[in-house]
Amino acid sequence: MLKVEDLQSGYGRSRVLFGISLAVERGEVVTMLGRNGMGKTTTIHTMMGIVQPTAGSVLFDGQPITGLPPYRICRLGIGLVPEGRHVTPNLTVEENLVATARGPGPWNLAEAYRMFPRLHERRRFMGGQLSGGEQQMLAISRALLTNPRLLILDEATEGLAPLIREEIWQCIWELKKKGQSILIIDKNIDALTQIADRHYIIEKGQVIWHGTSEQLQSHPELSQRHLSV
């Protein structure tokens, strides 16, 4: 579904990515792992057209999307839950959800509220009145209401309370069971190895390892060397 080959980009004269290659097949959950500052978010921003690549290619369902503007990439069927959530603070929860909703597809307001009942309870609250966990639920639901074929989550549970994190992981499990293709960044290795099919470890703008959850669990030195703080 998604194929990234030798992707390079940066900011001004500063290069960040030095040839990232990865793939997400239909129905897979795939992770990008690595310490802060290694290029994971830049990879996503380059794939999504937020940062312009200097080399390499991105294919989505066989169609080249390298360098397209973000709105066109989203319309092709990629939904992004960005780091920091970026909900609109002066719109209500429901207004945030319907503002970018697209069909046809299985996701609508009723399904979003079924997934996260707390959003239904707070549907008339402004986005800026929500807790961090509620904003993350809103950001995920907002992306799902675009009915994406590929969902990307950047720092899915960062900074959230344990109970909220568990609710987010349950959501991701449910999406996996529905066959949703997902690319996810997070630091909770235990949860990720339970839910993901494959992993890519990013270091200094390059993929230095990739493999299955079983392979990652059988080589604990990988986490100690490349993921531990």
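Assorted remarks:
- Odd one out for GLU158 among (1) under 19 Å from HIS45 (Cα atoms); (2) surrounded by 17 or more Cβ atoms within 10 Å (Cβ to Cβ): (2)
- Of all the criteria given as (1) of a type outside the set (Lys, Arg); (2) closer than 27 Å to PRO104 by Cβ; (3) touching a Ser or Thr at 6+ places or on another chain (Cβ under 6 Å), the one not satisfied by GLU174 is (3).
- Check on GLY19, on the phi > 0 side of the Ramachandran plot, modelled with pLDDT of 95 or more and crowded, with 19+ Cβ neighbours inside 10 Å: no
- Unique residue being in contact with a His (Cβ under 7 Å, 6 or more places away or on another chain), in a strand (DSSP E or B) and at pLDDT 95 or above when the list is ILE184, ILE201, ILE152: ILE201
- Per-region count, segment 134-149, residues touching a helix residue (DSSP H, G or I) at 6+ places or on another chain (Cβ under 8 Å) and either modelled with pLDDT under 95 or among the hydrophobic types (A, V, I, L, M, F, W, C) (or both): 5
- Residue count, segment 204-229 (criterion: buried (at least 18 other Cβ atoms within 10 Å of the Cβ) and within 23 Å of VAL16 (Cβ to Cβ)): 4
- Applying the criterion of being in a loop (DSSP other than H, G, I, E, B) and touching a helix residue (DSSP H, G or I) at 6+ places or on another chain (Cβ under 9 Å) to the residues of segment 204-229, the residue that is modelled with the highest pLDDT is GLY205.
- Pairs where the first residue, in segment 65-80, is aromatic (Phe, Trp, Tyr) and the second is part of a loop (DSSP other than H, G, I, E, B), C-beta under 9 Å, 6+ apart: TYR71/GLY49
- For segment 33-73, the set of residues classified as crowded, with 17+ Cβ neighbours inside 10 Å and of a type in the set (Ser, Thr, Tyr) consists of THR41, THR42, THR43, THR46, THR66, listed by residue number.
- Look at (1) in contact with a helix residue (DSSP H, G or I) (Cβ under 6 Å, 6 or more places away or on another chain); (2) over 24 Å from MET48 (Cα atoms); (3) surrounded by fewer than 14 Cβ atoms within 10 Å (Cβ to Cβ) and you find that ARG124 fails only one, number (1).
- Residue satisfying condition, being within 17 Å of GLU28 (Cα to Cα) and of a type in the set (D, E, K, R), within set LYS178, LYS187: LYS178
- Selection within segment 100-110 - free of Cβ contacts under 8 Å to residues at least 40 places away in the same chain and loosely packed, with under 14 Cβ neighbours inside 10 Å: ALA110
- Single condition ILE140 does not satisfy, out of (1) more than 13 Å from the chain's Cα centre (by Cα); (2) part of a helix (DSSP H, G or I): (1)
The values are calculated or read from the model by the stated rules, or taken from the named source; none is laboratory data. Only a predicted model underlies this, so the values are computations on that prediction, with no experimental measurement involved. Don't worry about glycine lacking a Cβ; one is built from the backbone with ideal geometry, like all the others, and counts go over all protein chains shown.
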